[in-house]
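Notes follow the structure.
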Amino acid sequence: MSRSWERMVSKNTKQINKKRKKEGKRGIAPNAQQIDRFRGRNYVIPTLLVLLIAFYIVLSQPWSDKFLQDPTLFWVTIGCYVLLAVFYYFRRPYLAVSRDTLETRKFTGYKTLRPSQIRKIVVQPGYVLVESVKGTNWVFSKFMNRYPIAQMAERLKVYAEVNQVEYEFKTK
């Protein structure tokens, strides 16, 4: 289907769903774009922050008589670092694969790649690498972020076939 046709179908589907909602009926299933999200778990940065907190407490020695800092400010700082570690733990990294885009969240914000911006997709044991034409490569690791690499590889293979992107599977 051409993109203009897809936009027209989407527009008409929204209008029909609004009418059906007013009538108290269930909306029709839109011919919506399927987005597969592969979520990981970030545990490296929270672990490093907790180790940094422990190191800071051991160096500062708040239990000794030579502790010259304000105790309240010290414990507020510790609490802020703990909150930061909790924030990073619950902020799960992901890869969203739709029909014509790849999306992820990096430190600098949300990033999206279209097929024309992708040089190739390389799948290795434990890693998925999306090489971009311009900018940095995206690396998704089972070790660092606990991504489901096997499921991602299957979906990215379909994505590469549909969008004529080079796909490479390396065994070693």
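The values are calculated or read from the model by the stated rules, or taken from the named source; none is laboratory data. A quick note: this is a predicted structure, and the numbers were derived from the prediction, not measured. Note: ideal-geometry Cβ built from the backbone for every residue, glycine included; neighbour counts use all protein chains shown. Only protein heavy atoms, including side chains, enter the accessible area calculation; ligands, DNA and RNA are left aside. Shrake-Rupley method; radii C 1.70, N 1.55, O 1.52, S 1.80 Å.
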Just read off the accessible area of PHE87 with the full protein assembly in place, 1.4 Å probe, to the nearest 10 Å².
110
Pairwise FRET efficiency - LYS22 versus GLU103, Cβ, R0 = 35 Å, nearest 0.05
0.55
Between ALA150 and SER116, how high is the FRET efficiency from 1/(1 + (r/R0)^6) when r is the Cβ-Cβ distance and R₀ = 35 Å? Nearest 0.05.
0.80
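Expressed as a rounded percentage, what relative contact order does the chain have, with Cα pairs under 8 Å and six or more residues apart?
Details: 221 pairs, mean separation 35.5, N = 172.
Once divided by the residue count of the chain, the mean separation gives 21 percent.
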Column: log10 I(q)/I(0), Debye, Cα scatterers of the range 70-172, q = 0.12, 0.14, 0.25 Å⁻¹
-0.48, -0.59, -1.43
With just the Cα atoms of the chain, tell me how far they stretch along each of the three principal axes, in Å, largest first.
75, 54, 26
Cβ-derived FRET efficiency at R0 25 Å, LEU48 paired with GLN69, nearest 0.05:
0.60
For the range 116-168, the Kirkwood Rh over every pair of distinct alpha carbons, in Å, works out to 11.2
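Which value, in Å to one decimal place, does the Kirkwood hydrodynamic radius take for the range 35-120 when every pair of different Cα atoms is included?
On the way: mean 1/r = 0.0630 Å⁻¹.
Across the range 35-120, the inverse of the average 1/r is 15.9 Å.
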Any chance you could look up the accessible area of TRP5 with a 1.4 Å probe, heavy atoms only, rounded to 10 Å²?
120
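Please get the size of the charge dipole for the range 23-149, origin at its Cα centre, with Cβ charges of +1 on Lys and Arg and -1 on Asp and Glu, quoted in debye to the nearest 20.
Details: 18 positive and 7 negative charges, 129 e Å.
The dipole magnitude comes to about 620 debye.
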With just the Cα atoms defining each centre, how far is the range 85-119 from the range 48-83? Give it in Å.
34
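So what's the back-of-envelope 222 nm ellipticity for the chain, counting only DSSP H runs of four-plus at -39500 (n - 2.57) apiece and dividing by all residues, rounded to 500?
On the way: 5 runs with 76 residues, N = 172.
Result for the chain, helices only: -14500 deg cm²/dmol.
Need the full-extension length gain, ASN163 to ARG92, defined as separation in residues times 0.36 nm minus the C-alpha distance. One decimal, nm. Display every interim value, and only then the final one.
Numbers: separation 71, 0.36 × 71 = 25.56 nm, distance 2.73 nm.
Gain on extension, ASN163 to ARG92, equals 22.8 nm.
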Taking the dipole of the chain about the Cα centre (Lys, Arg +1; Asp, Glu -1; charges at Cβ), the one of ALA85, SER10, SER116 that reaches farthest to the positive side is SER10
Cross-link partners of LYS14 among lysines (Cα-Cα below 25 Å; sequence separation of 8 or more within a chain):
LYS22, LYS25
